[in-house]
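The values are calculated or read from the model by the stated rules, or taken from the named source; none is laboratory data. Please read these numbers as outputs of a predicted model, since none were measured by experiment. When we count neighbours, we look across all protein chains shown, and the Cβ atoms used for this are built from the backbone with ideal geometry, even at glycine. Just the protein is used for accessible areas: all its heavy atoms, side chains included, with ligands, DNA and RNA removed. Shrake-Rupley method; radii C 1.70, N 1.55, O 1.52, S 1.80 Å.
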Amino acid sequence: MKSYSPRAIALVSAAALLAVTACSAGSGTSSGSSPGGDQSLVVGVVAEPASLDFTTTDGAAIPQALLGNVYNGLVKQDEAGKIVPDLAKSWTVSPDRKTYTFELVDNAKFTNGAGFTAADAVFSINRVKTAWTTSLKSVMEVVAEAKAVSPTQLQVTLTKPSNGWLFRMTTRVGAMFSQTGVDKLATEPIGTGPYKFGSWKRGDSIVLQRNDAYWGTKPFFNQVTLKYFKDPTALNNALLTGTINVISTVQAPEALTQFTSNSKYQVIEGTTNGEVVLSFNNSRPVFKDLAVRQAIRQAIDHKALLDTCFAGRGKLIGSMVPPTDPWYEDLTGIAPYDKAKATAALKSVAGTTLRLRLPTLPYATSCGQVVKSQLEQAGLKVTIDQLEFPAAWLTTVFKNADYDMSIIAHVEPRDLGAVFNAKYYTRYDDPTLAGLLAAADSGDEAAQVDNMKKAARRLSEQAAADWLFLLPNLMVAEKNLTGLPTNAITESFDLSRLARS
């Protein structure tokens, strides 16, 4: 058996967003005075959840608010992208790579008062397969059995080796639920995390309260409010006027100078895994033609687009892999900007009008106008529809695939296979890609990297979509706030690390 102690786990590969401490998560203080007293924090956020139940509702806004804050998993990711302990303080993997044995903490409680045990972990894993309705539930199909060996020992057996399964357990799929606390997940989430749900004023804010019974290290702030803004100027003004303390994601990078020139603020700039995708509905006749898909990609001047709609911030990538993943390659050369070539190829669909249905998110709105202009210069006709986000966009585009093209940032980690398949809103069906992804999941580390590189290249060569750019992690905060992440490459906004100096 291969053993992973908290120290050795740093060698396991993954991807990350917000820094968490590998060894302290399961051994933090459980008593003593509150770290920040009655101090509170207000964070300005863009996309509000449509529900608080990510078991039945898609979208990144729910785990951004709740994962790592209200919910813990067995494992999580640290700032370097390593899989590290959370509710599981250590684990072993059998030689055939199919059986995982987790040793669990013995002092965690849910906010409804129930103690966390291996039986809750079994319940949570099985519930993904039986009660979840989102597309992410397929992650658990590889699980043959989850068994509570004792209250503090969990054994999970897979049907085959899977590189992706343990990594996915760091995402929302791995959240641990109380067996008696799942009746009102949409409005009253119950977890074992450092914060507990306080209130939700729809259209305005979500309030989280410090969980003083938390089993790990207590967070500094006794209350954190996530305040939602649809307008980027209003978001910036809220920080300038002291209404909020942090801008979690800058939506108008051209306005950063008002903060960089002011000593009251700090600007954090790093990377994310948020690929801004110009998605194609591959079930539509026009997109069944590879030459048309390739021509649309070559009609877009990506550098000019990035300069125009996001002030040059971000990175051009050329496929669905960010630089923080081990199999990243710069694939921008596969579809270089070539207006003349694109115009010639698109003559075959001259007169076709494509419907670009955009979510009401600032980056999608501004970049959509550039995409429309550049495609029309190459001979296409493009109409733009604005769909309220999240509800209208999730229903119309994501669920019903009633669109030709859209623009959305896919921020879930390592989501290439999840986004590009026949069941997802992209309606992309490619047996060759599926075979490469399967080989990557079941092989050793070298085979995983090799096959994932091939998969990313295949996706780009087949022009399954266009990748406009990779979102940067741009945050602005008051100068004395600490614990802000440089890179944002998981689903969670870990509020428990934030403090005042």
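Worth pointing out:
- Exclusive hit being at pLDDT 95 or above and not in a loop (DSSP other than H, G, I, E, B), set ALA440, ALA422: ALA440
- Counted residues, the stretch 50-76 - those being open to solvent by less than 10 Å² (accessible area, probe 1.4 Å) and either assigned to a loop (DSSP other than H, G, I, E, B) or farther than 18 Å from GLY191 by Cα (or both): 7
- Looking at ILE296, ILE317, just one residue is buried (at least 19 other Cβ atoms within 10 Å of the Cβ) and touching a Pro at 6+ places or on another chain (Cβ under 8 Å), and that residue is ILE317.
- Any hit, the stretch 112-122, residues being open to solvent by 60 Å² or more (accessible area, probe 1.4 Å) and not in a loop (DSSP other than H, G, I, E, B): no
- Enumeration of residues in the stretch 77-96 that are of a type in the set (Asp, Glu) and either within 15 Å of PHE110 (Cα to Cα) or crowded, with 24+ Cβ neighbours inside 10 Å (or both): ASP86
- Enumeration of residues in the stretch 425-461 that are closer than 21 Å to VAL286 by Cα and surrounded by fewer than 17 Cβ atoms within 10 Å (Cβ to Cβ): ASP429, PRO431, GLU461
- Considering the conditions (1) crowded, with 19+ Cβ neighbours inside 10 Å; (2) part of a helix (DSSP H, G or I), PRO189 is excluded by exactly one of them, (2).
- Pairs meeting the criteria (first residue in the stretch 219-238 and farther than 16 Å from GLY193 by Cα and small (Gly, Ala, Ser), second residue open to solvent by 30 Å² or more (accessible area, probe 1.4 Å) and not in a loop (DSSP other than H, G, I, E, B), beta carbons under 8 Å, at least 6 apart or on different chains) are ALA238/LYS227.
- Within the stretch 192-232, the set of residues being hydroxyl-bearing (Ser, Thr, Tyr) and either open to solvent by 40 Å² or more (accessible area, probe 1.4 Å) or more than 23 Å from the chain's Cα centre (by Cα) (or both) comprises SER199, TYR214, THR217.
- Qualifying position, being open to solvent by less than 10 Å² (accessible area, probe 1.4 Å), more than 30 Å from THR426 (Cα to Cα) and modelled with pLDDT of 95 or more, among LEU235, LEU240: LEU235
- Yes/no for ILE268 being crowded, with 17+ Cβ neighbours inside 10 Å, of a type in the set (A, V, I, L, M) and closer than 22 Å to VAL370 by Cα: no
- For the residues ALA464, ALA488, the requirement of being under 21 Å from the mean Cα position of the chain (by Cα), at pLDDT below 95, aliphatic (A, V, I, L, M) and open to solvent by less than 30 Å² (accessible area, probe 1.4 Å) singles out ALA488.
- Among all residues of the stretch 125-144, there is none that is open to solvent by 10 Å² or more (accessible area, probe 1.4 Å), within 20 Å of LYS196 (Cβ to Cβ) and in a loop (DSSP other than H, G, I, E, B).
- Looking across the stretch 336-348, the residues that are open to solvent by 20 Å² or more (accessible area, probe 1.4 Å) and either touching a residue at least 40 places away in the same chain (Cβ under 8 Å) or out of contact with any Asp or Glu (no Cβ under 8 Å at 6 or more places or on another chain) (or both) come down to PRO336, ASP338, LYS339, ALA340, LYS341, THR343, ALA344, ALA345, LYS347, SER348.
- When residues of the stretch 368-400 are limited to those that are part of a loop (DSSP other than H, G, I, E, B) and not aliphatic (A, V, I, L, M), the one least open to solvent (accessible area, probe 1.4 Å): PRO390
- Unique residue being at pLDDT 95 or above and either within 24 Å of PRO472 (Cβ to Cβ) or in contact with a Ser or Thr (Cβ under 6 Å, 6 or more places away or on another chain) (or both) when the list is LEU361, LEU354, LEU387: LEU387
- Filter pass, GLY318 being out of contact with any helix residue (DSSP H, G or I) (no Cβ under 9 Å at 6 or more places or on another chain) and under 28 Å from GLY417 (Cβ atoms): no
- Note on the stretch 139-164: residues that are touching a residue at least 60 places away in the same chain (Cβ under 8 Å) and out of contact with any Gly (no Cβ under 9 Å at 6 or more places or on another chain) amount to 5.
- Residue count for the stretch 443-495, restricted to those that are touching a strand residue (DSSP E or B) at 6+ places or on another chain (Cβ under 7 Å) and assigned to a helix (DSSP H, G or I): 1
- Exactly one residue among PHE167, PHE177 is open to solvent by less than 30 Å² (accessible area, probe 1.4 Å) and not in a helix (DSSP H, G or I), and that residue is PHE177.
- Checking each residue in the stretch 86-111 for being in a loop (DSSP other than H, G, I, E, B) and under 23 Å from THR180 (Cα atoms) picks out ASP86, LEU87, VAL105, ASP106, ASN107, ALA108, PHE110, THR111.
- Residues (out of contact with any strand residue (DSSP E or B) (no Cβ under 9 Å at 6 or more places or on another chain), closer than 21 Å to GLU491 by Cα and among the small types (Gly, Ala, Ser)) located in the stretch 209-265: GLY216
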